[in-house]
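Reading through the structure tokens given below for one structure.
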Amino acid sequence: PPRRRRTTPHYRIPLPHHLLRTYAHLPPLSRRTYLHYLRATTYLISDCVIYSLGPILILLASGILCGLSYSFFAVVLPLMCPREDGGGGRDGGGVSLTVTSACHTIWVVFLIVNAVFNYAACVGTSNVGKKYERVVRELAEVTEFAYPETEEEMGEFKRRYDRKIMEGRRRLAVEVQQGLASDGPVYGWMLLGPQDWGFCRATNQPKPPRAHFDHVSKSLVLNMDHYCPWMFNVIGYFNYRYFTNFLFYAFIGMVYGAIITFRPFRNIDNDLFREQVRLSKERGFKEVEHLLPLVPIPKERTLVIFSFMICASVGIAVGALLMMHIYFILTGQTTIEFYANFTKRRQAHRRSTSYINPYDLGYKRNWQQAYGSGHPLLAILPSLREPEFLPVPIAGERGRRHPKRGDGVGKHRVMGNERLPFIA
């Protein structure tokens, strides 16, 4: 008798399967296909939720900033610099016009201006559009990559890219069988060289080195780091400096706020607070007045608690994130590349070799890749300038953007991926 053909078992879930059969005329779903659709649906829902959180988180961040600013000028500053005439706190103005109060005011205004500027710039800077195309063309010219202009060239480049990825996966599969590589998730871009161009199937265009497709904003982003719902934007090549600057000023502001509100926070319900209440009653005041230094009155305790708790908690979280991104800047990697470098180091360890990040040019040049070649203190001040260097570090002056004419850039172009020397 003929041998029965083995088939993959099918799994049917009543309502979803009925809808698919009715409206899409699809055959019964296999387990693999069903899991694929389930995973894609889950990603789509999560992307929509993350994208929808953006405006809410922007309003929340603005509310926190306004609340802390009001608390400083209305409560904390009068507690630190009270009027010498003891003029009743808020009713009499409450703040003495001294050098100390002026320094505190100027410092807080400086932090607020820089934090607001970098936050607004990070939110409003787009990673797509004409400037993206301009940088991509500059990078293609410098790396001697012939950017496909027609559908035939695009199709040929896509086929060559697919062959390269297939060959890379075959080599990886052999290494896994030999125990030289771990059997973990490896994305296609991880199989390419540091200056190899890939292909983005979502946008149907060449993908520059270090670029990735963001599923939340649905765009191809140069030097993509991550999507930040607090910024309602993806962090990449054009706004990464604004993002790290905002973290820096937010962290400095939170640390400063926690320090100046620590003593008033300790005095919200201790012996000094009760002593101030007793003295106010003895002197015949209808309400509790400021009679002891850095001791809030009852109606100020809520703002003092709010200020200290927000500054302490947000300062810890922002500080940890800032330290992580400073490490990424100084080591020449993004959040996505950090994962890839970790995987490649683990595979190199299995081969008894070492792996070196090809984008790591040393602390000084890595800093310049993100902030430019200007003075570091001037680099963190408000500025709308675009990045000075190309997304991929190239040897010599060829790595700078907007090269001068006559330097030989673009005279010899080839179809495909060609590697240029990195800076040693």
Collect residues whose amide H, placed 1.01 Å from N in the peptide plane, falls under 5 Å from the amide H of residue 219; neighbours closer than 5 in sequence don't count. 214
Going by amide H atoms built from the backbone, whose H comes under 5 Å of the H on residue 199, apart from near neighbours? 207
Using only alpha carbons, build the gyration tensor for the stretch 89-198 and give me the equivalent ellipsoid semi-axes, biggest first, whole Å. 55, 24, 11
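Using the heavy atoms of the protein chains and a 1.4 angstrom probe, tell me the accessible area per residue for the stretch 131-199 in square angstrom.
52
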From the phi angles alone, apply the Karplus equation (6.51, -1.76, 1.60; θ = phi - 60°) to the stretch 225-242 and give each ³J(HN,Hα) in whole Hz, x where the residue is Gly or Pro. 9, 5, 9, 10, x, 5, 8, 6, 7, 8, 8, x, 4, 8, 10, 5, 5, 4
Tally Lys and Arg at +1 and Asp and Glu at -1 over the other residues with C-beta under 15 Å from the C-beta of residue 282: what net charge comes out? +2
Given the pairs 158/218; 164/344; 207/364; 130/158; 218/344, which span a C-alpha to C-alpha distance of over 26 angstrom in this model? 207/364; 218/344
How much of residue 103 can a 1.4 Å solvent probe reach, expressed as accessible area in Å² and rounded to 10? 80
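Rounded to the nearest 0.05, what FRET efficiency is calculated for residue 97 and residue 51 with R0 set to 45 Å and r the Cβ-Cβ distance?
Working: r = 48 Å, r/R0 = 1.07.
The calculated FRET efficiency here is 0.40.
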R0 of 45 Å, Cβ-Cβ distance residue 40-residue 105: FRET efficiency to nearest 0.05: 0.25
Order of exposure, largest accessible area first, which applies to 299, 207, 164, 281 with probe 1.4 Å: 281, 299, 164, 207
If R0 is 35 Å, what FRET efficiency do you get for residue 262 and residue 384 from their C-beta distance, rounded to 0.05? 0.45
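In whole percent, and with a 1.4 Å probe on the protein chains, what portion of the accessible area of the stretch 259-379 is carbon and sulfur? Intermediate values should be presented prior to the final figure.
On the way: 4570 of 7070 Å².
Carbon plus sulfur share of accessible area: 65 percent.
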Pull up all non-local amide H partners of residue 233: gap of 5 or more, or a different chain, and H-to-H distance under 5 Å with H placed in the peptide plane. 228
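Leaving ligands and nucleic acids out of the surface, order 349, 325, 215, 226 by accessible area at 1.4 Å, largest first. All intermediate terms of the calculation are to be shown ahead of the outcome.
Values: 349 145, 325 5, 215 110, 226 45 Å².
These residues rank, largest area first, as 349, 215, 226, 325.
So how do 243, 342 rank on accessible area, 1.4 Å probe, biggest first, that is with the largest at the start?
Output order, biggest surface exposure first: 342, 243.
Translational diffusion coefficient, Stokes-Einstein: compute it for the stretch 175-274 using the Kirkwood radius over C-alpha pairs as Rh, at 10 °C and 1.306 mPa s, and state it as an integer in µm² s⁻¹. Each step should come with its number before you reach the end.
Numbers: Rh = 17.9 Å.
This corresponds to a translational diffusion coefficient of 89 µm²/s.
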Can you give me the solvent accessible area of residue 367 with a 1.4 Å probe, rounded to the nearest 10 Å²? 70
In the full protein assembly as shown, how much of residue 107 is accessible to a 1.4 Å probe, in Å² to the nearest 10? 100
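The values are calculated or read from the model by the stated rules, or taken from the named source; none is laboratory data. Note that this is a predicted model, so its numbers are computed, not measured. No Cβ is skipped: glycine too gets one built from the backbone with ideal geometry, and neighbour counts run over all protein chains shown. The protein model used for the area step is the full one, side chains on, heavy atoms only, and it has no ligands, DNA or RNA in it. Shrake-Rupley method; radii C 1.70, N 1.55, O 1.52, S 1.80 Å.
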